[in-house]
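Values in this text are rule-based calculations from the coordinates and carry no lab data. As the structure is a prediction and not an experimental result, all values here were calculated from the model. Please note: Cβ atoms are built from the backbone with ideal geometry, for glycine as well, and neighbour counts cover all protein chains shown.
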Amino acid sequence: MRLEGSEDGRRNAKRLRREMTPPEIGLWLALRSNDQGLRFRKQHGAGNYVLDFYCAPARLAIEVDGEAHERGDRPARDSARDAWLNSRGVHVLRYPAQEVLANLEGVVRQILAIAIKRREHKRPDR
């Protein structure tokens, strides 16, 4: 099952690619040049949502959460979004932006390990 964005989602993803935050840029540079042969997409449309990063072979979404994700209705919205993605076989990893900045190498190591494991154990019907 391919994970595609709606028209609004694709339009929003295109805009967000031009407006990436410093933690997102750092993570993108590290993920796109990985030695494991994993391909990541940045700002990938998925339904009405936009994923910060997506590895299709592993069905893995990576989100870099700034402080806004802790306020207002954002936690509930993020939870609903994660549930929607999980129902489509996509696992979501969330990292605080500060952690990405402070421990980029560790974050990348963890993402790659999980992506490799998911790619190798992917169900045949997905």
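A few points about this structure:
- The trypsin sites (Lys or Arg not before Pro) of segment 69-113 meeting both criteria, a DSSP state outside H, G, I, E and B (loop) and at most 10 other C-beta atoms within 10 angstrom of the site's C-beta, are Arg71.
- Counted by Cβ distance under 9 Å from Leu60, the other residues give a net charge of +3, where Lys and Arg count +1 and Asp and Glu count -1.
- Amide H to amide H, with H built 1.01 Å from N, Leu51 comes under 5 Å of His44, Gly45, Ala46, counting only residues 5 or more places away or on other chains.
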